[in-house]
Each structure stands twice: as C-alpha cells, then as structure tokens.
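Notes for the one structure printed next.
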Amino acid sequence: MPAPEASPVVILGAGGHAKVVIEILRDSRPDLRLVGLLDADPSPRSLLGAEVIGDDSRLPGLRREGVAKAFVAVGDNRRREALGVNLQEMGFELVKAVSPRACVSPSARLGSGVAVMAGAVVGAEAELLDLVIVNTGALVDHECRLARAAHVAPGCALAGRVSVGERALLGVGVSVVPGASIGADAVVGAGSCVISDIPAGVVAKGLPARPGEALPRGDLA
Ligand code: JB2
C-alpha cells in the first residue's frame with residue numbers, strides 16, 4: 001500500500017510494457033500513488049487493476065491538479081523518447097522503475113524514466129541515460145553506456161564498456177563483446193552476436209552480426 005503522503009504518478013501506455021512497469025512500481029515505490037494510465041486508445045478499461053483514464057490530452061489538466069510525476073511505458077524507442085521529452089517540457093518529473101529483483105551496482109548511474117526489469121544485472125559504473133530499458137534478465141556489465149531511449153531486450157548479454165546509441169534496439173538474447181559500439185537507431189536482431197562495431201541506423205543480425213541496409217527513418221517511428 002502506498003504511504004498516505006505518496007506522490008501521484010501517471011503512466012503513459014497501457015500495453016504489455018505498462019503491465020511490467022505497474023508491477024515494478026507497486027513493488028518498489030511506496031512513495032508513489034498511481035492515478036491511472038493514459039493511452040492512445042482512451043477507452044475506459046483496467047490493466048492489472050489500474051484504470052485507463054484517457055489519452056495524452058489529459059496531461060495539462062493532471063499537471064494543474066498537482067500530478068508532477070510520470071512514467072512512459074511505451075516500448076517503441078522513438079515514441080518513448082518523444083513522449084518523455086514532451087513530459088519534461090510540461091514540467092513532469094520522469095520517475096525510474098527499477099525492479100527490486102534486479103541487481104544494480106551502487107556505482108551505476110541511472111537517468112530519468114529508466115526501466116530495469118526483474119533479473120537484470122547492471123554493473124559497476126554503467127551509465128543508463130534517460131528513458132533506457134534494460135529488460136528482463138539482461139546483463140549490462142561494467143562501464144557500459146546506454147544512450148537515451150535505447151532498449152536492451154530480455155536475455156541480452158553486454159560485456160564491459162559496450163556503447164549503445166540513442167534509440168538503438170538490441171533484440172532478445174543479443175550478445176555483445178567487450179567494448180563494441182552500436183550506433184544510434186540501429187536494430188540488432190534477436191539472438192545475434194555482435195563482435196565488431198555496428199553503424200548507426202542499420203539492421204544487423206546473425207552470428208556474427210552483419211549490418212544490412214540502412215533503415216528508412218519512418219520505419220522506427
Ligand atoms: O503517444 C502515445 C502512444 N502511442 C502508443 N501516448 C500514449 N499515452 N500511449 C501510446 N501508445 C500506446 O502504447 C498504444 O495505444 C498501446 O496501448 C501501447 C503499446 O502497447 P503494446 O503492447 O503494443 O507495446 P508495449 O510498448 O507495451 O510493449 C512493447 O515493448 C516492450 C518493451 C512490446 O514489444 C513488448 O513485447 C516489449 N516487452
């Protein structure tokens with residue numbers, strides 16, 4: 001149960017990612033009280049006992065009513081980034097959702113609106129910038145740097161000093177050797193093994209991962 005003085009928080013998104021985030025916040029943030037979910041589909045419904053209360057047009061009103069904290073639970077990297085930036089411009093603080101069943105080094109640095117799921121490990125002096133997702137059971141070792149709105153999917157294994165660019169997506173079970181760099185907006189296919197740098201904006205896949213064609217920008221919108 002939230003403490004009586006808990007701060008109200010609103011979640012954007014009401015899909016699968018939101019379900020995970022709702023449970024993490026309930027488990028780990030007694031300082032927060034969830035006022036509801038806003039979704040592109042505003043039809044009233046319940047998600048794990050949390051209510052969809054409208055779409056993003058409700059945000060200015062909620063802010064005026066004293067809701068000052070928010071979390072963007074939308075998996076699409078570009079959309080999550082855009083929504084997060086908009087919320088910050090409106091004066092919302094983006095809270096973190098870190099599972100109590102994750103293992104996060106005390107020397108790791110986590111930005112605003114970051115999600116770290118159950119079973120994830122984040123090593124010494126790793127840096128997760130705003131709106132990053134480290135998904136279920138992913139390993140992000142020492143001194144990795146994950147740029148804004150990057151997503152490391154379930155079961156990935158990033159060795160030390162890996163760099164992941166803004167909005168890059170590493171699919172389920174991707175492995176990355178120490179020190180490799182993955183460019184902004186790159187997508188690495190599920191199960192791939194990255195043994196050399198991946199340029200920005202490409203899809204790379206395979207063992208070892210090889211870059212294919214550059215993605216048209218719209219593909220990631
Ligand atoms: O601009 C928006 C917006 N755009 C899409 N504002 C708000 N408030 N909501 C938006 N949405 C909503 O995000 C959609 O209407 C939909 O309800 C939700 C996305 O749900 P979906 O289940 O399709 O995806 P997800 O983002 O919850 O989960 C994805 O990413 C996760 C990280 C999936 O790929 C999951 O498998 C993955 N674990």
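Every read-out reported here was derived from the displayed coordinates using simple, explicitly stated rules and does not represent laboratory data. Given the structure is predicted, the values throughout are model-derived calculations rather than measurements. Reconstructed Cβ throughout: ideal geometry from the backbone, glycine too, with neighbour counts over all protein chains shown.
The packing ranking of peptides 200-210, 175-185, highest mean first, is 175-185, 200-210, where packing means the average number of other beta carbon atoms within 10 angstrom of each residue.
Under the simplified labelling scheme, the D197-A184 pair shows an inter-label distance of 1.5 nm, with each label point 7 Å from Cα along Cα→Cβ.
The distance between label points at V85 and R26 comes to 3.4 nm (points 7 Å beyond Cα on the Cα→Cβ vector). Here's the list of aspartates and glutamates a cross-link from K205 could span, going by alpha-carbon distance under 13 Å and ignoring same-chain residues fewer than 8 apart: D197, E213. When both region 62-110 and region 153-206 are represented by their alpha-carbon centers, they are found 23 Å apart.
Placing R0 at 25 angstrom, the Cβ-Cβ distance between R45 and R109 gives a FRET efficiency of 0.10 after rounding to 0.05.
Normalised by the number of residues in region 7-95, the average gap of Cα pairs under 8 Å and 6 or more apart makes the relative contact order 33 percent. Peptide packing: for 41-49, 189-197, the average count of neighbouring Cβ atoms within 10 Å per residue gives the ranking 189-197, 41-49, highest mean first. If I model the chain as equal point scatterers sitting on the Cα atoms and use the Debye formula, what is log10 I(q)/I(0) at q = 0.08, 0.09, 0.17 Å⁻¹? Summing over Cα pairs of the chain leads to -0.28, -0.35, -1.13.
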